[in-house]
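What follows is calculated from the coordinates using simple rules that are stated; it is not laboratory data. What you see is a predicted model; the values in this text were computed from it and never measured. Positions of Cβ are backbone-derived with ideal geometry, glycine not excepted, and every protein chain shown enters the neighbour counts.
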Amino acid sequence: MPSELRHDWRREELLALFDLPLTELLFRAASVHREHFDPAEVQVSTLLSVKTGGCPEDCGYCPQAQRYHTGVDATKLMDGAAVLEKARQAKAAGASRFCMGAAWRSPKDRDIPKVAEMIAGVKALGLETCATLGMLSPGQAGALKDAGLDYYNHNLDTAPEFYGDVIHTRQYQDRLDTLEHVREAGLKTCCGGIVGMGETRAQRAGLLQALANLPAHPDSVPINRLVQVAGTPLAGTAELDPFEFVRMIAVARIAMPRSMVRLSAGREAMSDELQALCFAAGANSIFYGEKLLTTGNPDVERDQALFVRLGLRPMPLDHCDTHHGTATPAGATVHADITEPAPACGRAA
Ligand code: SF4
């Protein structure tokens, strides 16, 4: 049972896990899950789009890219007071983490003080803070950390060899560079990807290989299922077999045993039974409440009812703290304060 923290995963090893009979794979993933977490607890995050649409990038899955005609209207950066009101509502609904997403290639330096003020305000409410703003310079990452940011979301999206089929306006290395700046600033990382974009199983394994072999496992690993939006290049892609999605969750759990594995975009379209299977496979985090950027998300009542039916409960902040750690290259564990974030645009979580 490979439940230790490893950073040397080979593609064939991960593919061999994917290839296991589903019952066996679920058993192994569930066993790893129990070594590090209470399997009855699910961490809950809320994501707010603080600046929607008008993005100059060309991510093939994203309705916020300006160049695609998806009916998403571009907005300016939200007013800080309005963001805080949303954060208060999220806290009242039971969220422990509040993620703020902006559809930028990267923030301009003049945007940073405004975002920093939002972060400080949300933090003062007693919530964990997360942001997903695009590529960051080292200085910007440091300024966000100083403002009280806990997590930064920046996804690898897919396997290195498939990335160029989906995104052309930046390179895989750009993603890795931002993640490095985020880690060096002392922020916790939220980093995952999207499946169902037409990639192969080997490429899904390649995404998990890239994530697990980062210098530190991401604290949170959002696994998005493509939400097809008319007008984007990936609209019309063949749907991923739901059991393949479950396998993706299970292999993520095994490869990154201490990370929060999050059901993110695409959850609205999942049946309660599929979500239950994902929790059994080791998923232990969801977004709820607010919209996942521009795609829908099950409403709070449906999630709460599902938790009751499954005997699950929201993970308290102190448990996130207790169970959660950041893997170092040496395999040791560095205490991490708390937990994660992610958007449907794939960037977030
Ligand atoms: S995923 Fe993010 S960077 Fe890519 S187009 Fe959408 S908002 Fe822009």
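Some notes on this structure:
- Summarising the label geometry, the points placed 7 Å from Cα in the beta-carbon direction at Lys91 and Asp79 lie 2.0 nm from one another.
- Each of His7, His69 was scored by other Cβ atoms within 10 Å of its Cβ. Listed from fewest to most, they are His69, His7.
- Span from the the stretch 178-238 Cα centroid across to the the stretch 102-149 one, whole angstrom: 21
- When Val182, Val308, Val261 are sorted by how many other C-beta atoms sit within 10 angstrom of their C-beta, beginning with the fewest, the order is Val308, Val182, Val261.
- Full-extension gain in nm, Lys108 to Leu176, via 0.36 nm per residue minus C-alpha separation: 22.5 nm
- Estimated distance in nm for a label pair at Asp146 and Asp38, the labels positioned 7 Å out from Cα along Cα-to-Cβ: 3.9
- Shape category assigned to the chain from the gyration tensor of Cα positions, a/c cut at 1.5: rounded
- Three-way shape label, the stretch 135-188, alpha-carbon gyration tensor, a/c 1.5: prolate
- Antiparallel content of DSSP bridges confined to the chain, in %, to 5: 10
- Which of Glu268, Glu35 has the fewest Cβ neighbours within 10 Å, and the rest in rising order: Glu35, Glu268
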